[in-house]
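A.B. asks: Below is one structure. I have some questions about it.
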Amino acid sequence: MTHTVNLVLNGERRAIALDDPRVTLLDLLRERLDLTGTKKGCDRGQCGACTVIVDGRRVNACMSLAVTLDGAEVTTIEGLAQNGELHPVQAAFIEHDGLQCGYCTPGQIMSAVALIAGGEAADIGDDPERLREAMSGNICRCGAHRGIIEAVLDARTRMADAKKEQAA
Amino acid sequence: MNRFDYIRPASLEEALAAGARPGAAYLAGGTNLLDLMKVGVAAPALLVDVTRLPGLDAIEETAEGDLRIGAMVRNSDIARAPEIKALFPMLAEALLSGASAQLRNAATAGGNVLQRPRAALLDGMRGDDRDLAVLGWTDACACVHPSDFAVALAALDARLEIAGAAGLRAVPLADFLSLPEGAAEAVPALAAGELLTAVVLPAAAARVAGHARYVKLRERTSFAFALVSVAAALEMEGGRIRSARLALGGVAHKPWRTPAAEAALAGAAPGPEVFARAAALALEGAAPSGDNAFKIELARRLVARALALAAAGTPARVPALPASPLDADHGAPAYV
Ligand SMILES: Cc1cc2nc3c(=O)[nH]c(=O)nc-3n(C[C@H](O)[C@H](O)[C@H](O)COP(=O)(O)OP(=O)(O)OC[C@H]3O[C@@H](n4cnc5c(N)ncnc54)[C@H](O)[C@@H]3O)c2cc1C
Ligand code: FES
Ligand code: FES
C-alpha cells in the first residue's frame with residue numbers, strides 16, 4: 001500500500017508518496033529528498049545529529065516514521081538561511097567556533113533554533129547551566145560544547161535585541 | 001526492521017478493533033517501539049497510530065477533583081503544564097531528568113509508562129550487570145523498569161485508565177507491572193487490544209506538593225537512564241511528618257513502593273536518624289543479581305538524601321540539573 005504524506009518542508013508544500021511505512025523522517029530527507037544536511041549519527045535517538053523541527057518542536061528525525069507526519073510542517077538546516085543570509089544561530093556558531101568536524105552541527109543548530117523560538121527559552125534565561133542541560137540531547141564528539149553554548153547564548157541575546165528594535 | 005502495515009484510526013472504537021488484531025502494536029511517540037523494532041526485538045505486523053485519537057491529548061480536572069493526563073500528552077508538555085508544576089512538581093522534575101529535550105517532545109505519557117526495559121535492547125534480557133535489579137528479581141529476569149515518570153507516579157498513587165472492548169477500567173500504577181516466575185520481563189496488566197487512555201493523579205496526592213522531590217543518580221550528568229532513583233514526598237504538619245510516600249527506580253522490574261519505610265516516617269520529626277532508618281527499611285530484602293551489590297548501598301544513601309531534600313521543601317522552580325543530587329543550588333523552597 002502506498003501512503004501519501006503531505007508536508008510543508010522548509011516552507012514548500014510537498015506531497016510525498018511512500019511505498020514503505022518503515023522509512024524514518026531521517027531516511028526520507030537524506031535518501032529520497034536529497035536533503036543531506038540532516039545527519040545520521042546513531043539512528044537510535046541517542047546523539048541528536050538528526051534533530052529537525054516538526055510543528056515547532058525539535059525532535060529526532062531517526063525516531064520518527066515519515067508516514068506518521070501527514071500534515072506536518074518540517075524545517076531542516078537547509079531551510080534556515082533566508083535570501084542567502086545565515087540564520088543568527090548559524091552565524092553565531094561560526095563566530096564562536098561552535099564546531100570542529102561539523103557533523104553534529106546541523107542538529108545542534110536546529111536544536112538551538114527550536115529552543116530559542118519555543119517556550120523553553122523563558123525557563124532557561126541566561127543561565128548557562130540550564131542551557132547545557134537543555135542542549136544535552138545533542139552530543140558533540142569533538143567536544144565543541146563550550147563554543148556551542150556561547151554561540152547559543154549570544155544568538156539568543158541578539159535575536160531578542162533585534163526583536164525589541166523592530167518593535168520600537 | 002520487519003515489514004509492517006500502518007493505519008491511523010480516527011476513533012477509539014476503530015483503534016481498539018485494530019489493536020486487537022494478531023501482531024498489532026499501538027504506536028505513540030515511537031521512541032521506544034521504533035528502537036526495539038530497529039534491533040529486531042519487536043516485530044509487529046501492524047502499527048496502529050494512536051497519536052491523533054480525540055480526547056487523549058489534554059490535562060484536565062475530573063469531576064472528582066483528580067487530575068487526568070491524557071495518554072497522548074507529550075512528556076515535555078506535562079513537565080511544563082502549570083497544574084503539574086503547582087500540584088505535582090515531582091512529576092515535572094522526574095520527566096525533565098529523563099531522556100533529552102528532543103525525545104521528551106515526542107514521547108507520550110502512555111508510552112513512557114509502557115516502555116519496555118532497556119535490557120530488551122541489549123543481549124538477551126540481561127544487559128549490563130551494573131544496571132540490573134536488586135529487589136524483586138527472579139532467575140529469569142533481573143531487568144529494571146526504565147521510566148523515571150513511573151517512579152514519581154507510583155509514589156503519588158497514580159491510576160491508569162484503560163480502554164478495552166468492555167469499556168473503561170482503572171488500575172493502580174503500582175500494581176500494573178508484575179513479574180511472574182519464569183517471565184523474561186515485567187508483564188503489564190493489559191489484555192490484547194487494550195489501550196491506555198490516561199494517567200490519573202488523585203487529588204489527595206497534591207498534599208505533598210510542598211515537600212516532594214525526585215532524585216536520580218546516573219552515569220553522566222544528563223541524558224542517561226537512572227542507576228538508582230528515588231521519589232520522596234512528605235506531608236508535613238506542625239514540623240512533623242504526617243505521612244510519607246517513597247518509591248525507588250532503577251532497582252526492580254517496576255517502581256518500588258516501600259510501605260515499611262513510609263510507616264516508619266509517619267509521625268516522626270524529620271532528621272538524619274529517621275531518614276537512615278527509613279532507608280534501611282526501603283532496601284530490606286535487597287540482594288545483588290550480578291555485579292551490582294554497590295547499588296544497594298547507593299540506593300540507601302539516595303533514599304536518605306531524597307528525604308532530606310524533600311523535607312527542605314520543593315524548590316520554586318525545577319533545579320538547573322533536574323533530579324541531580326549533585327546540584328548544589330536547589331533554590332529557595334516554594335512553599336514554606
Ligand atoms: C536514547 C534514549 C534515552 C532515554 N532516556 C530515558 C530516561 O533517562 N528516562 C526515562 O524515563 N526514559 C528514557 N527513555 C525512554 C523514553 O522515555 C521512552 O522511549 C518514551 O517515554 C516512550 O514513549 P513513546 O510515546 O515514544 O512510546 P512508544 O515507543 O510509542 O510506545 C512504547 C510502548 O508502549 C506501547 N504503547 C504506547 N502507547 C500506548 C497506549 N496508549 N496504550 C497501549 N500501549 C501503548 C507501544 O506499543 C510500545 O510497546 C529514553 C529513550 C531513548 C531512546
Ligand atoms: S541519528 Fe538520530 S539521534 Fe542519533
Ligand atoms: S563538531 Fe564534530 S561532532 Fe561536533
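The values are calculated or read from the model by the stated rules, or taken from the named source; none is laboratory data. Since the structure is predicted, the reported quantities are computational estimates derived from the model, not experimental observations. As a convention, Cβ positions derive from the backbone with ideal geometry for all residues, glycine included, and neighbour counts pool all protein chains shown. Heads up: the accessible areas ignore ligands, DNA and RNA and are worked out on the full protein's heavy atoms, side chains in. Shrake-Rupley method; radii C 1.70, N 1.55, O 1.52, S 1.80 Å.
A.B. asks: Which numbered condition trips up residue B:252, out of (1) touching a strand residue (DSSP E or B) at 6+ places or on another chain (Cβ under 7 Å); (2) assigned to a loop (DSSP other than H, G, I, E, B)?
C.D. replies: (1)
A.B. asks: I would also like to ask the following. With within 16 Å of ligand 2 (Cβ to nearest atom) and closer than 21 Å to residue B:200 by Cα as the only criterion, which of B:106, B:58, B:94 stands out?
C.D. replies: B:106
A.B. asks: When you go through A:76, A:51 one by one, which is the residue that is at pLDDT 95 or above and more than 16 Å from ligand 3 (Cβ to nearest atom)?
C.D. replies: A:76
A.B. asks: Any chance you could count how many residues in the range A:142-168 are farther than 19 Å from residue A:117 by Cβ and in contact with a Cys (Cβ under 7 Å, 6 or more places away or on another chain)?
C.D. replies: Counting residues in the range A:142-168 that are farther than 19 Å from residue A:117 by Cβ and in contact with a Cys (Cβ under 7 Å, 6 or more places away or on another chain) gives 1.
A.B. asks: Out of A:81, A:122, A:162, A:134, report the one residue that is crowded, with 23+ Cβ neighbours inside 10 Å and more than 15 Å from ligand 3 (Cβ to nearest atom).
C.D. replies: A:134 is the lone residue from the list that is crowded, with 23+ Cβ neighbours inside 10 Å and more than 15 Å from ligand 3 (Cβ to nearest atom).
A.B. asks: Let me ask something else about it. May I ask you to list the residues in the range B:2-35 that are out of contact with any Asp or Glu (no Cβ under 8 Å at 6 or more places or on another chain), buried (at least 18 other Cβ atoms within 10 Å of the Cβ) and within 11 Å of chain A (Cβ to nearest Cβ)?
C.D. replies: Hits for the range B:2-35 are B:4, B:28, B:29, B:30, B:31, B:32, B:33, B:34, B:35.
A.B. asks: Step by step: first the residues of the range A:137-156, then only those that are facing chain B (nearest Cβ under 9 Å) and open to solvent by less than 50 Å² (accessible area, probe 1.4 Å), then the one that is nearest to ligand 1 (Cβ to nearest atom). Which residue is that?
C.D. replies: Per the stated criteria, the residue is A:137.
A.B. asks: Identify, please: which residue in the range A:56-73 is more than 9 Å from every other protein chain (Cβ to nearest Cβ) and under 23 Å from residue B:223 (Cβ atoms) and is, among those, least open to solvent (accessible area, probe 1.4 Å)?
C.D. replies: A:61
A.B. asks: In the set A:90, A:100, which member is open to solvent by less than 60 Å² (accessible area, probe 1.4 Å), within 16 Å of ligand 3 (Cβ to nearest atom) and either in contact with a Gly (Cβ under 8 Å, 6 or more places away or on another chain) or over 28 Å from residue B:33 (Cα atoms) (or both)?
C.D. replies: Just one listed residue meets the conditions, A:90.
A.B. asks: Residue by residue through the range A:35-59, note down the ones that are farther than 22 Å from residue B:36 by Cα and not in a strand (DSSP E or B).
C.D. replies: Passing the criteria: A:35, A:36, A:37, A:38, A:55, A:56.
A.B. asks: Now for a separate question. Please count how many residues of the range A:3-54 are within 16 Å of ligand 1 (Cβ to nearest atom), of a type outside the set (A, V, I, L, M, F, W, C) and under 17 Å from the mean Cα position of the chain (by Cα).
C.D. replies: 9
A.B. asks: Yes or no: residue B:76 within 14 Å of chain A (Cβ to nearest Cβ), within 24 Å of residue A:72 (Cβ to Cβ) and among the hydroxyl-bearing types (Ser, Thr, Tyr)?
C.D. replies: For residue B:76, the condition - within 14 Å of chain A (Cβ to nearest Cβ), within 24 Å of residue A:72 (Cβ to Cβ) and among the hydroxyl-bearing types (Ser, Thr, Tyr) - is met.
A.B. asks: Scan the range B:47-55 and give yes if some residue there is among the small types (Gly, Ala, Ser), open to solvent by 10 Å² or more (accessible area, probe 1.4 Å) and within 13 Å of chain A (Cβ to nearest Cβ), otherwise no.
C.D. replies: no
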